[in-house]
Ligand code: GRF
């Protein structure tokens, strides 16, 4: 029996490299999601060109075209409904969403953050990681809740911080991990193998009712295609 692919809309504000990674993943017939549209708040977002080159419908909702945040969000909501979105993937979307909006999409709204949450929420994560002298850094895909860069963790990828790293080299290493992690995490959610309940994420892992947070190293992610593979790498 073929499983229905989930309809995913990606929200971007800039470069769109994570969006591109999701688009590429969804070109695989067995991938459990199809990217049905891309929405931006930034008319100059470079990622729009990538979306269009892939034949995807795009919608630009420039913040300046709306009198206030509720009006902007109402337009976003309408656009998402127009796409018949089941899951919304934030990929470098630089606008905070209201608690009401987040509440309506609870468990269906994902974000990728360039740090191992709960460390380094907010901006400039790579500079701050270097300043803090951490030896391990990475990225996190999490369900979005009302608090910024908060919300139940779906998956994380860790990368080393190497001697001589600067912001550019570290962010490039993390970004490479992001491009592998986000498609994997989105697939987990679209297969209902990771879902948000209360304050946590529940993983439908074989033989377990509940699994704690998962840390997936990029070294493993080639091997991880489904939840059975994932179970091999979790305690
Ligand atoms: C990524 O580092 C992502 O983690 C963060 O914003 C950046 C967006 O990059 N939320 P891109 O637009 O996906 O290239």
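The values are calculated or read from the model by the stated rules, or taken from the named source; none is laboratory data. Model, not experiment: these values are computed from the prediction. Quick reminder, even Gly has a Cβ in these numbers, built from the backbone with ideal geometry, and neighbours come from all protein chains shown.
Would you tally the residues in the range 73-127 being assigned to a loop (DSSP other than H, G, I, E, B), away from the ligand (no atom under 16 Å from the Cβ) and under 16 Å from the mean Cα position of the chain (by Cα)? Outline the logic, then answer.
To start, the set of residues in the range 73-127 that are assigned to a loop (DSSP other than H, G, I, E, B) comprises 83-86, 91-98, 105-108, 114-124.
Of the ones still in play, those that are also away from the ligand (no atom under 16 Å from the Cβ) are 83-86, 98, 105-108.
Those still in the list that are under 16 Å from the mean Cα position of the chain (by Cα) too: 85-86, 105-108.
Result for the range 73-127: 6.
On the stretch given as the range 1-18, residues that are surrounded by fewer than 19 Cβ atoms within 10 Å (Cβ to Cβ) and more than 13 Å from the ligand (Cβ to nearest atom) total 6.
When the range 32-50 is limited to residues that are in contact (Cβ under 8 Å) with a residue 40 or more places away in the chain and either more than 13 Å from the ligand (Cβ to nearest atom) or loosely packed, with under 15 Cβ neighbours inside 10 Å (or both), the one that is nearest to residue 92 (Cα to Cα) turns out to be 39.
Among the residues of the range 128-167 satisfying the criterion of being away from the ligand (no atom under 13 Å from the Cβ), surrounded by fewer than 21 Cβ atoms within 10 Å (Cβ to Cβ) and closer than 21 Å to residue 93 by Cα, which is modelled with the highest pLDDT? Among those that are away from the ligand (no atom under 13 Å from the Cβ), surrounded by fewer than 21 Cβ atoms within 10 Å (Cβ to Cβ) and closer than 21 Å to residue 93 by Cα, it is 128. Among the criteria (1) at pLDDT below 95; (2) closer than 19 Å to residue 182 by Cα; (3) within 16 Å of the ligand (Cβ to nearest atom), the one residue 29 does not fulfil is (3).
Any residue in the range 51-71 that is within 13 Å of the ligand (Cβ to nearest atom) and either within 29 Å of residue 192 (Cβ to Cβ) or in a loop (DSSP other than H, G, I, E, B) (or both)? First the steps, then the outcome.
In the first step, residues of the range 51-71 are kept if they are within 13 Å of the ligand (Cβ to nearest atom); the result is 51.
Add one more test, that the residue is either within 29 Å of residue 192 (Cβ to Cβ) or in a loop (DSSP other than H, G, I, E, B) (or both), and what stays is 51.
Checked the range 51-71: at least one residue is within 13 Å of the ligand (Cβ to nearest atom) and either within 29 Å of residue 192 (Cβ to Cβ) or in a loop (DSSP other than H, G, I, E, B) (or both).
Taking the conditions exactly as written (assigned to a loop (DSSP other than H, G, I, E, B), crowded, with 20+ Cβ neighbours inside 10 Å and either within 15 Å of the ligand (Cβ to nearest atom) or touching a residue at least 12 places away in the same chain (Cβ under 8 Å) (or both)), does residue 21 satisfy them or not? For residue 21, the condition - assigned to a loop (DSSP other than H, G, I, E, B), crowded, with 20+ Cβ neighbours inside 10 Å and either within 15 Å of the ligand (Cβ to nearest atom) or touching a residue at least 12 places away in the same chain (Cβ under 8 Å) (or both) - is not met.
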